[in-house]
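Colleague: The following block contains the structure, expressed as structure tokens.
What follows is calculated from the coordinates using simple rules that are stated; it is not laboratory data. Worth saying up front: this structure is predicted, and the values here are computed from it rather than measured. In this analysis, Cβ positions are derived from the backbone assuming ideal geometry, glycine residues included, and neighbour counts consider all displayed protein chains.
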Amino acid sequence: MAATAMDPVEAAKRAAAEKAVDEFVRDGMVVGIGSGSTIVYAVHRLAARAKLPEGDPLRISTAVFVPTSFQSRQLLAEAGLTVAELATREVLDVAIDGADEVDKSLNCIKGGGGCQLEEKLVASAARKFVVVADHRKQSERLGTCWTKGVPLEIAPSGYRLAMRLLAAKGATATLRMAKSKAGPVVTDGGHFVVDAHFGGIEDVPAMERWLKAVPGVLETGIFCGMASKAFFGQADGSVVEWAADGNATPVAAAEAGSESA
């Protein structure tokens, strides 16, 4: 029976994730692992590399992984990889995570999955922060492709105040509601998420500073000046690499079938 072709977007996510894992993860490292649909493929690739025979340069047997969410912790545990908590690891070698939108300076909007606080903590602890995504997340200006708003992690008691201040700034602010329970989304840390859409963001650093000064906002989904590289899987199966200096380079994806190596 012929194998079912993978959806092009899912194939793009896998290509980007595998390329980042193979370029940046080496045995013995402490690696931050983000959250979201693209990270699933990164963990699959890590699990495949853990099964490679001794002597293979891509084999990982002593690497340790720091998750950013319940989702990534479960993925790592189910893959048989060694999990550690950020509280026990002051410095990480690299963190790999997805994004909802990335501009050419590698500024990102993250938090579509509601994990932005832990994701920023892990990315900040890493010597290098690498983004993996499909081509739909490439953007000329933040807020133009991802139009659901900047995710803000907010203290529950302060969400109404924060929403009023956001609206006064011109944002369309929405308390994110859960889909399978009554009431709002509650993050792993017990906080609410407010999505604040401003349209295209002209000055990303200034916007991040203003948002972090809003009473009740614990963290923002703007990751400004943090990423050193981003890999975007394309519709044709190729991968494009963006660097923080704005250069874009086509790169070869991981070997076909490597996920089951």
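Colleague: Which entries of 19/181; 137/212; 51/181; 51/148; 104/181 show an alpha-carbon separation above 31 angstrom in the structure shown?
Modeller: 19/181; 51/181; 51/148; 104/181
Colleague: Go from 0 up to the bin containing the longest alpha carbon distance in the stretch 3-145, width 5 Å each, and give me the % of pairs per bin.
Modeller: Bins of 5 Å from zero give 2, 11, 20, 23, 21, 12, 7, 3, 1, 0 percent of pairs.
Colleague: Given charges of +1 on the Cβ of Lys and Arg and -1 on the Cβ of Asp and Glu, with all other atoms neutral, how large is the dipole of the chain about its Cα centre, in debye to the nearest 20?
Modeller: Dipole of the chain, to the nearest 20 debye: 740 debye.
Colleague: If you don't mind, another one. Sum -39500 (n - 2.57) across every DSSP H segment of at least 4 residues in the chain, then divide by the residue count to get the 222 nm mean residue ellipticity, nearest 500.
Modeller: It comes out at -8000 deg cm²/dmol, rounded to the nearest 500.
Colleague: Then there is this: Only Cα pairs within less than 10 Å get springs; with that Gaussian network setup on the chain, which residue of 133, 16, 213 has the largest fluctuation?
Modeller: 213
Colleague: Here's something else I'd like to know. Listing 122, 185 from the residue with the fewest other Cβ atoms within 10 Å to the one with the most, what is the order?
Modeller: By the 10 Å Cβ count, ascending, the order reads 185, 122.
Colleague: From the Cα trace of the chain, what convex hull volume per residue do you get, rounded to a whole Å³?
Modeller: Cα convex hull per residue, to the nearest whole number: 136 Å³.
Colleague: Next question. Using the number of other C-beta atoms within 10 angstrom as an exposure proxy, rank 23, 208, 118 with the fewest first.
Modeller: Going from sparsest to densest Cβ surroundings: 23, 208, 118.
Colleague: Okay, next question. Once the Cβ-Cβ distance between residue 147 and residue 87 is put in as r, and R0 is 25 Å, what FRET efficiency do you end up with, to the nearest 0.05?
Modeller: Details: r = 36 Å, r/R0 = 1.42.
Using R0 = 25 Å, I get an efficiency of 0.10.
Colleague: With r defined as the distance between the Cβ atoms of residue 161 and residue 51 and R0 fixed at 51 Å, what FRET efficiency is calculated, to the nearest 0.05?
Modeller: Calculated value: 0.50.
Colleague: If you don't mind, another one. Run through every distinct alpha carbon pair of the stretch 150-221 and return the Kirkwood hydrodynamic radius in angstroms, one decimal place.
Modeller: Computed over the stretch 150-221, the radius equals 12.3 Å.
Colleague: Mind checking which aspartates and glutamates have their Cα closer than 12 Å to the Cα of residue 120? Skip sequence neighbours fewer than 8 apart in that chain.
Modeller: 97, 153, 219
Colleague: What length, rounded to one decimal in nm, is gained on full extension from residue 77 through to residue 209, with 0.36 nm per residue of separation minus their alpha-carbon distance?
Modeller: Using 0.36 nm per residue and subtracting the Cα-Cα distance, I get 43.9 nm.
Colleague: Specify the residue with the greatest mean-square fluctuation among 193, 130, 214, computed from a Gaussian network of the chain linking alpha-carbon atoms under 10 Å apart.
Modeller: Top of the fluctuation ranking is 214.
Colleague: Note the angle between two axes, namely the Cα long axis of helix 8-24 and the longest principal axis of the Cα atoms of the chain, as a number of degrees from 0 to 90, rounded to the nearest 10.
Modeller: Helix 8-24 and the main axis of the chain meet at about 70 degrees.
Colleague: Which listed residue (205, 152, 129) has the Cα farthest towards the positive end of the charge dipole for the stretch 122-208, taking +1 on Lys and Arg C-beta and -1 on Asp and Glu C-beta about the Cα centre?
Modeller: Highest projection toward the positive end goes to 152.
Colleague: If I build a Gaussian network model for the chain, linking alpha-carbon pairs within less than 10 angstrom, which residue out of 178, 196, 42 has the largest mean-square fluctuation?
Modeller: In this elastic network of the chain, the residue with the biggest mean-square fluctuation among 178, 196, 42 is 178.
Colleague: Which of the listed residues, 248, 46, 218, is farthest toward the dipole's positive end in the chain, when Lys, Arg count +1 and Asp, Glu count -1 at the beta-carbon?
Modeller: Of the candidates, 218 comes out farthest on the positive side.
Colleague: Which trypsin sites (Lys or Arg not before Pro) from the stretch 154-188 combine a DSSP loop assignment with at most 11 other Cβ atoms within 10 Å?
Modeller: 179, 181
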